[in-house]
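Single-structure report; data block below.
The values are calculated or read from the model by the stated rules, or taken from the named source; none is laboratory data. From a predicted model like this one, the values you see are computed outputs, not experimental measurements. Cβ sites come from the backbone with ideal geometry, for glycine too, and all protein chains shown count toward neighbours.
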Ligand SMILES: Cc1cc2nc3c(=O)[nH]c(=O)nc-3n(C[C@H](O)[C@H](O)[C@H](O)COP(=O)(O)OP(=O)(O)OC[C@H]3O[C@@H](n4cnc5c(N)ncnc54)[C@H](O)[C@@H]3O)c2cc1C
Ligand code: SF4
Ligand code: SF4
């Protein structure tokens, strides 16, 4: 499962732009993860503050 | 609720506002949606723009500009530096803006030209009729809003969805996005007159660090690294290290993070009833990451083409071809060139970077533009730059 650490997230939208599944949506300060997430981990790599993690 | 108009612009950044302003001034009924409750905030930008091109497009209000700079100084990894002068060289610098004020100001200009601006209104998807977009569904302050319009402009930035909704895949591969972190820093060490660029694979792998002054010893100090060289939290970690080595006494009063497309021109920025503008169309300069001016320029073109296409009654992809042609002839051409430089630049070792910058130390490049400087670089380092010879003529 992809988890968002909301205490870290700076709601920049970079992860939304790289997600190949279009599974992320930034609602102002709230990052939403949809059921389309493939848990590929691409977004976790680029988060500038390390707010994203794929957990088993 | 529902409403009807000629053009819906999604996103009220510089790209969206210029599109809305141009289209409204041409007499079209324009609605511009912005999902944030405050336009321009939070900022995702170092705020540098070339003065000349900027002033060709807008008459800046004094409070849009934080400071005006003289030129750019570039540091090699070994600490040696060269200076390029503003009036010729760094067309990327000139003004450092106050984007919170500027973005809102530009949206206000669009509103004054006649566009309806809706804030805290998020586009959720395209409305379709017979397979062709006929408007957008949105959520306005949490309530559903249906907008009927034959033309939709996606100016929704790096996180753009409009393109994907219309079948254009704008996903950025990790090698085509710069991941950035930035602090607004107060420090007596800041050079108020020059934008500064710091190169080096330890400082910012396949990117650079910067200091863009905002007046009175205040500056946007940040860095960008290539997505393919990033790992979780790396941009912020590297920025903290950079602060320690370069501005150890700097006081941080604001934090910014963000992704900046550096893909070069993408295959398509139009679909039936849809045009993409600015970061949504990945129209940033791949080498510098500058995207404000390109977004504004593309917005003007999109606004003009919108008026023509509506008058002609053809909003199909073919009817919007003029938009593709015009931005590609100008912005796209520069982007393609810049992309080749970027692809080369990201491979350079610190030794290469030191050699290149060191080779210029005895040359007078203060009056040169970027092209002139590259020509001199090529003459002095033919072996290292052999791959780029076709670009330096
Ligand atoms: C750290 C960093 C530093 C940079 N430094 C510079 C620089 O010094 N100079 C420069 O020229 N460029 C710089 N850039 C690039 C520059 O910020 C962008 O190119 C520029 O903002 C693009 O403008 P735009 O109008 O296309 O998009 P944006 O300014 O990103 O605006 C898009 C807008 O669309 C809104 N939106 C998104 N989705 C929806 C939706 N579904 N519904 C409604 N609204 C939506 C967003 O909230 C946003 O307000 C930098 C970028 C970063 C990340
Ligand atoms: S990239 Fe990181 S900081 Fe930016 S919106 Fe995504 S989770 Fe938040
Ligand atoms: S893990 Fe992959 S599919 Fe899931 S949100 Fe991140 S990039 Fe998208």
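Across the stretch A:26-45, not a single residue is classified as on the phi > 0 side of the Ramachandran plot, more than 9 Å from ligand 3 (Cβ to nearest atom) and touching a residue at least 24 places away in the same chain (Cβ under 8 Å). Evaluated against (1) within 11 Å of another protein chain (Cβ to nearest Cβ); (2) within 15 Å of ligand 1 (Cβ to nearest atom); (3) surrounded by fewer than 14 Cβ atoms within 10 Å (Cβ to Cβ), residue A:16 falls short on exactly one condition, (3). Scanning the stretch B:133-182 for residues that are surrounded by fewer than 16 Cβ atoms within 10 Å (Cβ to Cβ) and at positive phi turns up B:141, B:142, B:167. Just one residue in the set B:361, B:349, B:338 is more than 27 Å from the chain's Cα centre (by Cα) and either in contact (Cβ under 8 Å) with a residue 24 or more places away in the chain or under 23 Å from residue B:228 (Cβ atoms) (or both); that residue is B:361.
Applying the set (1) in a strand (DSSP E or B); (2) buried (at least 20 other Cβ atoms within 10 Å of the Cβ); (3) away from every other protein chain (no Cβ under 14 Å) to residue B:126 leaves exactly one unmet item: (3).
A Cβ distance below 8 Å, combined with a sequence gap of six or more or placement on separate chains, defines the contacts here; from the stretch B:295-321, residues that are closer than 30 Å to residue B:50 by Cα and away from every other protein chain (no Cβ under 14 Å) reach residues that are at pLDDT below 95 and more than 16 Å from ligand 2 (Cβ to nearest atom) in the pairs B:297/B:53. Buried (at least 23 other Cβ atoms within 10 Å of the Cβ), under 24 Å from residue B:40 (Cα atoms) and away from ligand 3 (no atom under 16 Å from the Cβ): is that true of residue B:204 in this structure? Taking the combined requirement at face value, the residue does not satisfy it. Scoring residue B:233 on the criteria (1) within 16 Å of ligand 2 (Cβ to nearest atom); (2) touching a strand residue (DSSP E or B) at 6+ places or on another chain (Cβ under 9 Å) leaves a single failure, condition (2).
Can you confirm whether residue A:11 is out of contact with any helix residue (DSSP H, G or I) (no Cβ under 9 Å at 6 or more places or on another chain), within 11 Å of chain B (Cβ to nearest Cβ) and more than 11 Å from ligand 3 (Cβ to nearest atom)? Against the criterion (out of contact with any helix residue (DSSP H, G or I) (no Cβ under 9 Å at 6 or more places or on another chain), within 11 Å of chain B (Cβ to nearest Cβ) and more than 11 Å from ligand 3 (Cβ to nearest atom)), residue A:11 qualifies.
Given B:259, B:273, B:278, B:264, which one is within 16 Å of ligand 3 (Cβ to nearest atom) and touching a residue at least 40 places away in the same chain (Cβ under 8 Å)?
Matching residue, one of B:259, B:273, B:278, B:264: B:259.
For residue B:185, state whether it is buried (at least 24 other Cβ atoms within 10 Å of the Cβ) and either within 10 Å of chain A (Cβ to nearest Cβ) or under 30 Å from residue A:40 (Cα atoms) (or both).
Numbers: buried (at least 24 other Cβ atoms within 10 Å of the Cβ): yes; either within 10 Å of chain A (Cβ to nearest Cβ) or under 30 Å from residue A:40 (Cα atoms) (or both): no.
So residue B:185 fails the test.
Being surrounded by fewer than 18 Cβ atoms within 10 Å (Cβ to Cβ) and either facing another protein chain (nearest Cβ under 10 Å) or not in a loop (DSSP other than H, G, I, E, B) (or both) is the filter here, so list the residues in the stretch B:234-256 that pass it.
First, the residues of the stretch B:234-256 that are surrounded by fewer than 18 Cβ atoms within 10 Å (Cβ to Cβ): B:237, B:240-241, B:244-245, B:248-249, B:251-255.
B:237, B:240, B:241, B:244, B:245, B:251, B:252, B:253, B:254, B:255 - these are the residues of the stretch B:234-256 that are surrounded by fewer than 18 Cβ atoms within 10 Å (Cβ to Cβ) and either facing another protein chain (nearest Cβ under 10 Å) or not in a loop (DSSP other than H, G, I, E, B) (or both).
Residue B:204 meets each of the listed conditions (1) outside any helix (DSSP H, G or I); (2) within 16 Å of ligand 2 (Cβ to nearest atom) apart from (2).
Going through B:315, B:293, B:287 one at a time, which residue ends up being surrounded by 19 or more Cβ atoms within 10 Å (Cβ to Cβ), modelled with pLDDT of 95 or more and outside any helix (DSSP H, G or I)? Before you say what the answer is, go through the steps one by one.
On the way: B:293 fails: outside any helix (DSSP H, G or I); B:287 fails: modelled with pLDDT of 95 or more.
Only one candidate passes the filter, namely B:315.
Taking the stretch B:364-393 as the range and being over 23 Å from the mean Cα position of the chain (by Cα) and in a loop (DSSP other than H, G, I, E, B) as the test, the residues that pass are B:364, B:365, B:366, B:367, B:368, B:381, B:382, B:383, B:384, B:385, B:392, B:393.
I need the full set of residues from the stretch A:9-53 which are assigned to a loop (DSSP other than H, G, I, E, B) and within 10 Å of ligand 2 (Cβ to nearest atom), in order please. Before you say what the answer is, go through the steps one by one.
Taking the stretch A:9-53 and keeping what is assigned to a loop (DSSP other than H, G, I, E, B), we get A:9-13, A:19-23, A:28-29, A:34-41, A:47-51.
Of everything in the stretch A:9-53, those that are assigned to a loop (DSSP other than H, G, I, E, B) and within 10 Å of ligand 2 (Cβ to nearest atom) turn out to be A:9, A:10, A:11, A:12, A:13, A:19, A:29, A:47, A:48, A:49, A:50, A:51.
Considering the conditions (1) in contact with a strand residue (DSSP E or B) (Cβ under 6 Å, 6 or more places away or on another chain); (2) modelled with pLDDT of 95 or more, residue A:55 is excluded by exactly one of them, (2). Which of the residues belonging to the stretch A:24-52 are more than 22 Å from residue B:33 (Cα to Cα), within 11 Å of chain B (Cβ to nearest Cβ) and surrounded by 15 or more Cβ atoms within 10 Å (Cβ to Cβ)? Residues satisfying the conditions are A:42, A:43, A:44, A:45, A:46, A:47, A:48, A:49, A:50, A:51, A:52.
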